[in-house]
Amino acid sequence: MGADIIVTATSADKPLVMREWVSPGAFISSIGSYPELDPTLVKKADKIVVDSWAQNEHRGELHRLIHDGQFGRSDLHAELGAVVAGKKPGRENGDEIIVGCLIGMGMLDTGCAAHVYEEAIKRNLGAHFDFGQADQVN
């Protein structure tokens, strides 16, 4: 109780974070492929954001709720891309409880990595590593 950010990444088969433990203004991110949050927390959150609706229909935090008819696309606030692009608002007040059901998408990881790499090159940061020589490292 009292945490501003809660992140779960487990192989749980039952809820690990209960609604009554979450304070106003918290951001909760369930990044695993399994349901880890109290269904009441998900259903009562002010905003639910996913990386991919189609992916969340098949696995992850929302899968059971969708399958049981307790959560539908109309209950979703946005996909993450819409928030990042400014098409949907992110946090609008300090008391909102926001749940991110972010299973992970390779294309987002690759896009972020490319951006970080380009910025590092521009700023002359980081170090070069010859992967061809990796087998010679002690």
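The values are calculated or read from the model by the stated rules, or taken from the named source; none is laboratory data. Everything numeric here is computed off the predicted structure, so don't read it as measured data. Reconstructed Cβ throughout: ideal geometry from the backbone, glycine too, with neighbour counts over all protein chains shown.
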| query | Going through the range 38-70 one residue at a time, which ones are closer than 21 Å to ALA26 by Cα, over 13 Å from the mean Cα position of the chain (by Cα) and of a type outside the set (A, V, I, L, M)? | reply | ASP38, PRO39, THR40, LYS43, LYS44, ASP46
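Looking only at the range 99-123, how many residues end up being within 15 Å of ILE48 (Cα to Cα) and not small (Gly, Ala, Ser)? Even if it seems obvious, please write down each step before you answer.
As a first pass, look at the range 99-123 and keep what is within 15 Å of ILE48 (Cα to Cα): 99-103.
Next, from what is left, pick out any that are not small (Gly, Ala, Ser): 99, 101-103.
The number of residues fulfilling the criteria is 4.
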| Failed condition for GLU96, given (1) at pLDDT 90 or above; (2) surrounded by fewer than 12 Cβ atoms within 10 Å (Cβ to Cβ); (3) farther than 15 Å from TRP53 by Cα, with all others met? | (2)
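Considering only the range 24-49, how many residues are of a type in the set (Ser, Thr, Tyr), within 18 Å of GLY90 (Cα to Cα) and surrounded by fewer than 21 Cβ atoms within 10 Å (Cβ to Cβ)?
Keep residues of the range 24-49 that are of a type in the set (Ser, Thr, Tyr), which gives 29-30, 33-34, 40.
Now drop any that are not within 18 Å of GLY90 (Cα to Cα), which leaves 29-30.
Now restrict to residues that are surrounded by fewer than 21 Cβ atoms within 10 Å (Cβ to Cβ): 29.
Total meeting the criteria: 1.
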| task | State yes or no: is GLY69 at positive phi, without any contact (Cβ under 8 Å) to a residue 60 or more places away in the chain and in contact with a strand residue (DSSP E or B) (Cβ under 7 Å, 6 or more places away or on another chain)? | result | no
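For PRO15, indicate whether it is at pLDDT below 95, over 13 Å from the mean Cα position of the chain (by Cα) and not acidic (Asp, Glu).
Numbers: at pLDDT below 95: yes; over 13 Å from the mean Cα position of the chain (by Cα): yes; not acidic (Asp, Glu): yes.
Spelling it out, PRO15 is indeed at pLDDT below 95, over 13 Å from the mean Cα position of the chain (by Cα) and not acidic (Asp, Glu).
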| query | Of all residues in the range 63-85 being closer than 22 Å to ILE6 by Cα and touching an Asp or Glu at 6+ places or on another chain (Cβ under 9 Å), which is surrounded by the fewest Cβ atoms within 10 Å (Cβ to Cβ)? | reply | GLY81
| said: Could you check the range 12-59 and list, in sequence order, the residues that are touching a residue at least 24 places away in the same chain (Cβ under 8 Å), touching a helix residue (DSSP H, G or I) at 6+ places or on another chain (Cβ under 7 Å) and of a type in the set (Asp, Glu)? | reply: ASP51
| field | Enumeration of residues in the range 50-78 that are under 16 Å from LYS88 (Cβ atoms) and part of a loop (DSSP other than H, G, I, E, B) | value | ASP51, SER52, LEU76, HIS77
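Quick check: anything in the range 102-113 modelled with pLDDT of 95 or more, under 20 Å from ILE6 (Cβ atoms) and of a type in the set (A, V, I, L, M, F, W, C)?
Initial filter on the range 102-113 (modelled with pLDDT of 95 or more): none.
No, that holds for no residue.
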